[in-house]
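To keep things clear, I will list the structure first and then write my remarks on it.
The values are calculated or read from the model by the stated rules, or taken from the named source; none is laboratory data. All of these numbers come straight from a predicted model, not from anything done at the bench. Every residue, glycine as well, gets a Cβ built from its backbone with ideal geometry; the counts of neighbours run over all protein chains shown.
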Amino acid sequence: MRILVADAFPAASLAELADGGHEYEYQPDTTADQLAERLTGYDVLVVRSTKVTAATIETAESLRLIIRAGSGTNTIDCAAAAERGIYVCNVPGRNAVAVAELTFGLLLALDRNIPDNVIDLRAGRWDKKRYSRANGILGRRIGVVGLGQIGLAFAERAAAFGAKVYAVAKAERDTESARRAAGAGIEFVSDLDELARTCDVLSFHLPAAENTRQLINRDLLAKVPAGALILNTSRGELVDEDALIEAMETKGVRAGLDVYADEPGTATGQIESRLAKHPNVYGTHHIGASTEQAQQAVADEVVRMIGAFTQGAPPHCVNLAALDAAQLAAAGSGGAP
C-alpha cells in the first residue's frame, strides 16, 4: 500500500513499513491546508495532530484508512470518512504513561512553585521565604475525572506519593480497570459535584465530546475549595476559559495545563491565550504524549495496525458503526460508499 506519514514518526518504524512491502512518503511538516493536495494516490494516511477535514477527505479518492497516531480522534472528521468508506483508527493507551507523567509533573510544579523558583533564580533573586511555602502531596485529596488508561496511570502515581485518590463511581467497569483502581486505593463518590467538593486537586482525563465540552465551568468551579488545583492534559475543549480565569482571580484557583482552546494546529507558531498567560497557570505546549518511549510505542502499534489492515481487520476503528451504516445505505441505493 501507499502510505503518507504526515507527522513526526520514528525512522526505524518507517523502515519497518518499507520492509513490509509498503511504499511510504514521509512529510512530517504537512499542514492541514497542504494535506488535500498531498494525499492524491495514497491508501493510508498517518497523522498525529494535523487536522483532517471533510474537505480534505472529499479529495482523497484512493484513501482507505486514516490512523491517528495517538488516542483522540477529534481532529479528524470521522463521519465524513465513514461516508466515503474510509476507516478511522486510533492508538489508545500507548502514550498513557507519558501523559500521566507530565500531569504529575504539573502537580509538583504547582505545589512547589518550580517555574517561578527557576525564573527568580536565573534573574539573581533569592527568595527562600516565599518558596518555602508548599502543601506537599502526601495526604492530598486528588480527584481523577476519567479512569481510562491515562487517568488510571495518573491515579497510580498519585497513590504512590501517598495522596488520597477519588473518582466518580461507574455502574460497570472492566475487570482490569477495576483491579487497577483497587490497587491504587481509589475511593468512589456519587458524582462530579461531590468529587469537586471533596478534593482540593482535580485532574481531568477525558476525550473531547458533546458531554465533556466546557465541563470545567462556573458551576463546577464554584464547588471546589479556595486554592484548589485544576489539571488538564486531555483537551482544551473541556475548559470554559473565562470561568477558570474568574475562579483563579476570585478564589485563588491555580491550574496546570497542557492544552488550550485556541492552540495552534502546527508544531510552532503564535498563541494568543489569556488563560495560558495568566500568572496562576503553569502551562506546557501540548506535549503530554511527546516522549521518545511513548512515540516509539505508538509507532510500533501503527505498523502493526497497517499490517492488520492488509489482512482485512483494522483494529481500534472508531467510526465502524457509522461506516457500516453508510455501507448499508449505499447497498440499499445500489451505490458504493
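Quick one: would you say Val88 is in a helix (DSSP H, G or I) and within 26 Å of Thr50 (Cβ to Cβ)?
Numbers: in a helix (DSSP H, G or I): no; within 26 Å of Thr50 (Cβ to Cβ): yes.
No: the conditions fail for Val88.
Kindly check whether there is at least one residue in the range 34-57 that is in contact with a strand residue (DSSP E or B) (Cβ under 8 Å, 6 or more places away or on another chain), of a type in the set (D, E, K, R), part of a helix (DSSP H, G or I) and buried (at least 17 other Cβ atoms within 10 Å of the Cβ).
Checking the range 34-57: at least one residue is in contact with a strand residue (DSSP E or B) (Cβ under 8 Å, 6 or more places away or on another chain), of a type in the set (D, E, K, R), part of a helix (DSSP H, G or I) and buried (at least 17 other Cβ atoms within 10 Å of the Cβ).
Return yes or no: is Arg213 surrounded by fewer than 16 Cβ atoms within 10 Å (Cβ to Cβ), touching a residue at least 24 places away in the same chain (Cβ under 8 Å) and either closer than 16 Å to Ile142 by Cβ or among the β-branched types (Val, Ile, Thr) (or both)? Please lay out each step first, then the result.
Working: surrounded by fewer than 16 Cβ atoms within 10 Å (Cβ to Cβ): yes; touching a residue at least 24 places away in the same chain (Cβ under 8 Å): yes; either closer than 16 Å to Ile142 by Cβ or among the β-branched types (Val, Ile, Thr) (or both): no.
Considered against the rule, which asks whether it is surrounded by fewer than 16 Cβ atoms within 10 Å (Cβ to Cβ), touching a residue at least 24 places away in the same chain (Cβ under 8 Å) and either closer than 16 Å to Ile142 by Cβ or among the β-branched types (Val, Ile, Thr) (or both), Arg213 comes out as no.
Does at least one position in the range 11-21 carry a residue that is part of a loop (DSSP other than H, G, I, E, B), in the same structural domain as Gln296 (by TED's automatic domain parsing), crowded, with 18+ Cβ neighbours inside 10 Å and touching a residue at least 24 places away in the same chain (Cβ under 8 Å)? First the steps, then the outcome.
Taking the range 11-21 and keeping what is part of a loop (DSSP other than H, G, I, E, B), we get 20-21.
From the residues that got through so far, the ones that are in the same structural domain as Gln296 (by TED's automatic domain parsing) too are 20-21.
Filter again for crowded, with 18+ Cβ neighbours inside 10 Å, leaving none.
Within the range 11-21 (the criterion being part of a loop (DSSP other than H, G, I, E, B), in the same structural domain as Gln296 (by TED's automatic domain parsing), crowded, with 18+ Cβ neighbours inside 10 Å and touching a residue at least 24 places away in the same chain (Cβ under 8 Å)), the answer is no, since none of the residues qualifies.
Could you please find all residues in the range 132-190 being crowded, with 21+ Cβ neighbours inside 10 Å, outside any loop (DSSP other than H, G, I, E, B) and among the hydrophobic types (A, V, I, L, M, F, W, C)?
Ile142, Val144, Val145, Ile150, Leu152, Ala153, Phe154, Ala155, Ala158, Val165, Ala167, Ala181
Residues that are at pLDDT 95 or above, under 22 Å from the mean Cα position of the chain (by Cα), under 24 Å from Ala153 (Cβ atoms) and assigned to a helix (DSSP H, G or I): does the range 304-313 have at least one?
yes
Which residue is farthest from the chain's Cα centre (by Cα), if the candidates are limited to the range 235-263 and must be among the charged types (D, E, K, R) and buried (at least 16 other Cβ atoms within 10 Å of the Cβ)? Steps first, please.
So in the range 235-263, the residues among the charged types (D, E, K, R) come out as 235, 237, 240-242, 246, 249, 251, 254, 258, 262-263.
Adding the requirement that they be buried (at least 16 other Cβ atoms within 10 Å of the Cβ) leaves 235, 237, 240-241, 254, 258, 263.
Details: Arg235: 6, Glu237: 11, Asp240: 17, Glu241: 18, Arg254: 21, Asp258: 9, Glu263: 13 Å.
Result: Arg254.
Might you check whether a residue that is surrounded by fewer than 17 Cβ atoms within 10 Å (Cβ to Cβ) and more than 26 Å from Ile287 (Cβ to Cβ) occurs anywhere in the range 109-125?
yes
Condition first: at pLDDT 95 or above and surrounded by fewer than 23 Cβ atoms within 10 Å (Cβ to Cβ). Now tell me which residues in the range 65-76 satisfy that.
Leu65
What number of residues within the range 245-268 satisfy the criterion of being touching a residue at least 60 places away in the same chain (Cβ under 8 Å) and within 30 Å of Gln27 (Cα to Cα)?
5
Suppose we filter the range 235-267 for residues that are closer than 21 Å to Pro115 by Cβ and assigned to a loop (DSSP other than H, G, I, E, B); how many remain? Talk me through it step by step, then tell me what you get.
First pass over the range 235-267, keeping only residues closer than 21 Å to Pro115 by Cβ: 236, 239, 241, 244-245, 247-249, 252-260, 263.
In the following step, the residues that additionally are assigned to a loop (DSSP other than H, G, I, E, B) were identified as 252-253, 258-260, 263.
Residues that pass the stated criteria total 6.
Here's a check for you: in the range 274-302, which residue that is among the hydrophobic types (A, V, I, L, M, F, W, C) and out of contact with any strand residue (DSSP E or B) (no Cβ under 7 Å at 6 or more places or on another chain) is nearest to Pro115 (Cα to Cα)? Steps first, answer last, please.
Restricting attention to the range 274-302, the residues satisfying the condition of being among the hydrophobic types (A, V, I, L, M, F, W, C) are 275-276, 281, 287, 289, 294, 297-299, 302.
Filter once more, keeping what is out of contact with any strand residue (DSSP E or B) (no Cβ under 7 Å at 6 or more places or on another chain): 287, 289, 294, 297-299.
On the way: Ile287: 17, Ala289: 21, Ala294: 25, Ala297: 30, Val298: 30, Ala299: 32 Å.
Here the answer is Ile287.
Does Ala196 satisfy being part of a helix (DSSP H, G or I) and either exposed (fewer than 14 other Cβ atoms within 10 Å of the Cβ) or in contact with a Cys (Cβ under 9 Å, 6 or more places away or on another chain) (or both)?
Details: part of a helix (DSSP H, G or I): yes; either exposed (fewer than 14 other Cβ atoms within 10 Å of the Cβ) or in contact with a Cys (Cβ under 9 Å, 6 or more places away or on another chain) (or both): no.
For Ala196, the condition - part of a helix (DSSP H, G or I) and either exposed (fewer than 14 other Cβ atoms within 10 Å of the Cβ) or in contact with a Cys (Cβ under 9 Å, 6 or more places away or on another chain) (or both) - is not met.
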